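Here's the structure, in structure tokens; my notes come after.
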Amino acid sequence: FCIRFFSFCRLPRAMAAGAASSVEPLSCLFDREASVSAVVRESLARVSKADRNEWIYRIAEDRVLKQAAELEARAAKMSAADRARDLPLLGMTFAVKDNLEVEGLPMTNGCDYRDGSAPVSSKTAACIRRLLDKGAVLIGKTNLDCAATGLVGIRSAYGACQNAIDRAYISGGSSSGSAVAVATGQVSFSLGTDTAGSGRVPAMLNNIVGLKASRGLVSTHGVAPACRSLDCVSVFATTVPEAWAILDAAVSADNSDDPWDRAPKALPAGPRLPPSSVPAKFKFAVPSKEYLDFTSFGAVAKDRAGAFAEAWQKSIEALEAIGGTKVEIDHSPFQKTARLLYEGPWVAERYSALEALLTTNPEKIWPTVRAIVEPAGKFTAKQAFEAFYTLRSLKVQAERAMAASAEILVVPTAGMTYTIEEVQADPIALNTNMGRYTNHMNLLDLCGVAVPVTMAGGRFPFGVTISAPAGYDSLICGIAARVHKASGLKIGAMSTPVTVLQDAMATRYPDVFLKGVDTFQIAVSGAHMEGLALSWQLTERGGRFVKRAKTAPLYRLLAFDGMKPPRPGLGGLAISESGGAKIEIEVWEMPSSSFGSFMKLVAAPLGIGWLELEDGSKVQGFRLVDAGADRCGGVPAASGQGPPVDITATGGWRSYLESQEPAGKRARL
């Protein structure tokens, strides 16, 4: 790779503080059938005007355009279905934080290598390889807080990275440049890392989505470690559906590139939201009021405290508006865990990662970072074990608090923002404030997504982080997508509202299971159908809606109105001399690990058996399987109720409900 070094003082200022950009996300161009090369040229043109200290290295234009041409040639030989499967990221450009390795490019890890002495990588990080293979085009590497230690974006020899909305304010860190590059429309998405909040704080401050998936889900192979036992690779994107598609492209079925990786199939199968056409019903926990004092973020920010408190209240209302029910919990286990990250021996992991440089060239490390990390070499093994015991106790407390109240935890992504000058005057205390609601996440093994909700005081981006236990990534992303769309906000610093882009991205990138998760399909024909009384039994176990279909004309549909709730059963031709008919069904997909608990809920005379669909394919689904169910005229009553009614002529359960019940009662069914 040829490279270009970005001097932090070279570029002119093209946008006044607070000014909005007229550009639109690159995804909009590709949706209008622009070629891959055209999208890449536009991306390069925008990068050439970058002036917020967001870049460290950029791949030479001829090399980037060659990537695009090769992808176009590859795509031209594929059918549309093959392109969607094998090149889902076609038409996307991306950047990576300069603590991820790219073969042939220097990697600074945010340390001062302006003299050109940065080590050149001999390999490419596994997650980057996968993104390239799936059709994305790499543009370059972005600025960061030195050694990925910071949440402010100013601890860099390559310049303080300026906020995409208002350049006087911090961009957040440590993945500062990656967030700004997405928020200003220079690239379609980017990669950061997240140990203490570095993939979430910059997302909020720049008004974009930041996904920190379950720890180990995206391989940390090729990542310069901060705290190796906690590090995560994060995704910055303009919408949640895009973030999910990028996550899916970045993971592998076995995830065996690094000892800290975890395969998707190794994680619990978390619940899912119902399809977007169905209202969501969920409980969300929030910290009790004593942990939400927005006046406690320093005297320099007191003039902004009221606006942030109001933004938090609007965020709660936004979650309630999409179907959430708020529950307050004691947040002390989370806060105490957060303090362990920098006040406990985990800082010694950072010391271990930087020890060689601290010994040979300490001046290359930003002074504030050096002051934080150097003393950590004095921690003892005894202190480390004591901290592990403390963490274990806090984790149990946090799990119990959540288990008793809600599926997810919602907190402000950050409780405040600061000007660059304010942080330069008080670099450690204000940085610590930025991590108040983020530092606990990886220590407690939670997944989280930062999503924009509103503009505090009409000018400061504000959002929440939705978190849940590892494996619940789909659930938090489903909720975040609904919140983001409902916000109506413009994306990043661009002119396009999220309402315009998200529907298009949701169509292009459906909510699929991550690679390697073992699943099965099940056909439902009654109360388990989308939005009906028992569909929660599917979504609670991670089920996702696949399609509507009809059976082959081989079945009769019987209504068991006496069951609670009422439901039908599909029987073969043997139950009637009237012949069969095509019956409306839905096909759902579920993790195989959920099958046992689901089967416990199946009530007699129903069971699971093979069904033939009108296209000749077969799928397992609900059938009458009781011993008497296939005898003509001998279908047993359910649980002592009256005999079933043959409703085959209606064509399906929904049609039957519509023909039998008033609108109000029908909705309840």
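The values are calculated or read from the model by the stated rules, or taken from the named source; none is laboratory data. Everything quoted here is computed from the prediction, not taken from an experiment. Please note: Cβ atoms are built from the backbone with ideal geometry, for glycine as well, and neighbour counts cover all protein chains shown. Side chains are part of the model used for accessible areas, which takes the heavy atoms of the whole protein and leaves out ligands, DNA and RNA. Shrake-Rupley method; radii C 1.70, N 1.55, O 1.52, S 1.80 Å.
Before moving on, here are some points about what is shown:
- Y57 accessible area, assembled protein chains, probe 1.4 Å, Å²: 10
- Tensor-based shape of the stretch 284-403 (alpha-carbon gyration tensor, a/c under 1.5 rounded, otherwise prolate or oblate): oblate
- With the simple model of a label 7 Å out from the Cα in the direction of the Cβ, R85 to R548 spans 2.7 nm.
- Lys pairs under 19 Å by Cα in the stretch 250-328, provided they are eight or more residues apart or on distinct chains: 8
- Multiplying the residue separation of D293 and T507 by 0.36 nm and subtracting their alpha-carbon distance yields 73.0 nm.
- Cα centroids of the stretch 550-624 and the stretch 299-376: 51 Å apart.
- FRET E, pair L358, R392, Förster distance 35 Å, beta-carbon r, rounded to 0.05: 0.70
- Dimensions (Å) - the stretch 395-512, Cα atoms, principal axes, largest first: 46, 42, 20
- Highest mean packing first, where packing is the average number of other Cβ atoms within 10 Å per residue, the peptides 617-624, 196-203 line up as 196-203, 617-624.
- For the stretch 234-335, projected area of the alpha-carbon convex hull averaged over all directions, nm²: 10.0
- Viscosity 0.890 mPa s, temperature 25 °C, Stokes-Einstein D of the stretch 53-168 from Kirkwood C-alpha radius, µm²/s: 158
- All lysines inside 30 Å of K49 as judged from Cα atoms, apart from same-chain residues fewer than 8 positions distant: K66, K97, K123, K134, K141, K212, K364, K485, K490
- Report summary: the helix-based calculation at 222 nm, which adds -39500 (n - 2.57) for every DSSP H run with n ≥ 4 and divides by the residues of the chain, gives -9500 deg cm²/dmol.
- Förster-model FRET efficiency, 60 Å R0, M599 and R114, C-beta, rounded to 0.05: 0.45
- Peptides 490-501, 282-293 ordered by average Cβ neighbours within 10 Å, highest first: 490-501, 282-293
- Sorted largest first, the principal axis extents computed over the alpha-carbon atoms of the stretch 158-280 equal 44, 41, 22 Å.
- Over the stretch 492-576, the fraction of Cα-Cα pairs per 5 Å bin, rounded to whole percents and listed from the shortest bin up, is 3, 10, 15, 16, 16, 13, 10, 8, 5, 2, 2, 1, 0.
- Förster-model FRET efficiency, 22 Å R0, A403 and K314, C-beta, rounded to 0.05: 0.20
- Cβ charges +1 (Lys, Arg) and -1 (Asp, Glu), total dipole of the chain, debye: 220
- Percent of Cα pairs exceeding the 48 Å cut-off, where the set is the chain: 20
- Along its first, second and third principal axes, ordered by size, the stretch 134-210 spans 33, 25, 21 Å in Cα coordinates.
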